[in-house]
Structures are given as structure tokens and as C-alpha cells.
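The values are calculated or read from the model by the stated rules, or taken from the named source; none is laboratory data. The structure presented is a predicted model; accordingly, all values stated were derived computationally and were not measured. No Cβ is skipped: glycine too gets one built from the backbone with ideal geometry, and neighbour counts run over all protein chains shown. Only protein heavy atoms, including side chains, enter the accessible area calculation; ligands, DNA and RNA are left aside. Shrake-Rupley method; radii C 1.70, N 1.55, O 1.52, S 1.80 Å.
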Amino acid sequence: MRPLSFISKEDFQKHIEATIKNYGEKLEPFNLKKFNKNTIDPIKLIFDKTVYKFSWEEIVKNEIFRQRDKSNNNDIGYFHQRIFNYMANCKVPSNGWDVVFSKDDGIYISDSDKVSRVFIEMKNKHNTMNAASSGKTYIKMQSQLLNDDDCACFLVEVIAKDSQNIPWTVSVDGQQKKHKRIRRVSIDKFYALVTGQEDAFYQICMALPEVIENVVADSVSVAPNDSVIDELKDMAEQKCGSFALALYMLGFSSYLGFK
């Protein structure tokens, strides 16, 4: 791993360990009861298996992954936000803002505008906010500027449309709003601003696979041993006669004909 000058190797690994630990119950093995907790759609699985030419094992594993993945965005949000706890001049408040970045000698948010503090709302993807939540966030930022004339507010997007640091234009109560100190910033530009290194986010991305691999290799509890496929095979052999019918029984066991 190439050394990162803006976060220590120990802190980086500690943060990745904490992120993986934050996955919590999603790392617990799936048995058939957990797999069907919210009642799967057997017909969709049958279509997907046939159309995409999956094996039964692949289609079940894909469904388990889908169920785990539904709530993983919060855990990745934890990674993106809390890493700034380990970076100079940043803090992650317990509430209010996702990150606060401050420097006594000031922060240039554009070529001609300098402030002492930047308050950050962080989003994983550029299209995850609807009009109502965008308007609410913008009003929160406006309020912060009214109370502090030496600050700026950023909407930092991990998956942005482009690498950018631009004024954020939002429609509030049917009117277009824009302020030079309320900005829409891609995470690479934010990393560059915080660290002073243009490619800091790139460095994080390049270091990430190796460190995650090392953390997972050192943890015996990370890879769950799911039993769903074996349980479905047993059901097919002992009760149903086929794997497809065993899947159908998960959703339709009380329906006419299936009893």
C-alpha cells in the first residue's frame, strides 16, 4: 500500500475495521427463515434464473446479496463521513452536520472567496435527494450563513455527475435559489481542499482494496456461512420433489393447490 500522508496507516485500517463491524447483523449467516423473513417473490426468481441463465445456487446467492445490500448504503455512508475524524482540521459532530472543516488561516472555497469554516452535508449519490429534501437542506444552509458570516456550506456528493465545486442551485417554494457560499462539491474536490493534495481521493481508492482484503482475512467472522441453498435442497428432496417447488412454497404455501 502506498503511504497516505493525510491519514496514518493505523487510522485508515482502524476506520475500515469499524466500517465492516458496522455491517452488524448483515454479516450473520442466512438460514431459510431469515431468507424468507419478508416473503420472497418466487415467480421473479424463476424468471430471473431462466432469463439470465443462472443456476439455482446463483439465483439464491443473488437474492441473499440483494437483501444484505438494501441497508449497506448507511454503512458506506459511515465510511465516507467518519474518515474525516482522522484528518487534520476536521471534526464529525454527533448531530447537526456531517462534517465541519475549519482552519485558522482560512479556506479558499473559490479563487476569490475565503472563509474560516465549512459545514458539510454529505450524500452518497447525486440523485438521492428529492425536491423537498433538497429545499430543506438548502434552507438549513441559508440559516447557517445568516448566523455566521465567515463560513460556507457544502453539499458533498460521493457519486457526483462530474468533478466539481460550483454554486448549488435549488428550487425553494417555486423560486430558483443560488448563493456563492452554498456549494455543490464532488468528494474528490473536497478531499483536495481538506488535504491540499489534488489526488487525495484517488489515493484512498487505490489503497482501499488491499486494506479491506487484509482486514477481512484477519477476521474469522466476516464471511457468513449461509445455509439457504442446503435447506432448500433438503426441502426439495424430502417434501416438494423439485427446487422450483421448494421456492414456490416459500411464498405460496397456504395457496390453493400448493397445500
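Observations, loosely collected:
- Annotation for region 44-113: trypsin sites (Lys or Arg not before Pro) lying in DSSP loop with at most 15 further Cβ atoms inside 10 Å of their Cβ are Lys53, Lys70.
- Accessible-area ranking of Leu256, Leu208, largest first, probe 1.4 Å: Leu256, Leu208
- Here the gap between Arg82 and Asp230, fully extended at 0.36 nm per residue and compared with their Cα-Cα distance, gives a gain of 49.4 nm.
- Per residue value of the accessible surface for the chain (all protein chains in place, 1.4 Å probe), Å²: 59 Å²
- Accessible surface of the chain, 1.4 Å probe, proportion on carbon and sulfur as whole %: 49 percent
- Rg/Rh (Cα only; Kirkwood hydrodynamic radius) as it applies to region 1-91: 1.16
- Rh (Kirkwood; distinct C-alpha pairs) - the chain, Å: 21.7 Å
- FRET efficiency for the pair Phe54 and Ala217, taken as 1/(1 + (r/R0)^6) with r the Cβ-Cβ distance and R0 = 30 Å, rounds to 0.55.
- DSSP beta bridges fully contained in the chain are about 50 percent antiparallel.
- Among beta bridges from DSSP that stay inside region 120-259, the antiparallel ones total about 40%.
- Each of His179 and Lys26 was given a label point 7 Å from its Cα along the Cα-to-Cβ line. The distance between the two points is 3.4 nm.
- CD proxy at 222 nm, helix term only [per DSSP H run n ≥ 4: -39500 (n - 2.57); per residue of the chain; nearest 500]: -13500 deg cm²/dmol
- Under the simplified labelling scheme, the Arg2-Asp199 pair shows an inter-label distance of 0.4 nm, with each label point 7 Å from Cα along Cα→Cβ.
- Note on region 61-174: Lys pairs 8 or more places apart or on different chains, Cα atoms under 13 Å apart, count 4.
- Compared with the dominant principal axis of the Cα atoms in the chain, helix 131-147 is inclined by about 30°.
- Among Ser112, Ser227, Ser134: highest mean-square fluctuation, GNM of the chain, C-alpha pairs under 10 Å: Ser112
- When the chain is treated as a GNM with alpha-carbon contacts under 10 Å, the residue of Ile40, Ile64, Ile16 showing the greatest mean-square fluctuation is Ile40.
- DSSP assigns beta bridges within region 116-188; of those with both partners inside it, close to 30 percent run antiparallel.
- Averaging Cα coordinates gives a centre for region 191-230 and one for region 2-28; these two points are 7 Å apart.
- Within the chain, the longest run free of exposed loop sites, counting chymotrypsin sites (Phe, Trp or Tyr not before Pro) that sit outside DSSP helix and strand states (H, G, I, E, B) and have at most 12 other Cβ atoms within 10 Å, spans 53-254.
- When the chain is treated as a GNM with alpha-carbon contacts under 10 Å, the residue of Asp148, Asp111, Asp69 showing the greatest mean-square fluctuation is Asp111.
- Once the mean of 1/r is taken over each pair of separate Cα atoms and inverted, region 56-194 shows a Kirkwood hydrodynamic radius of 16.3 Å.
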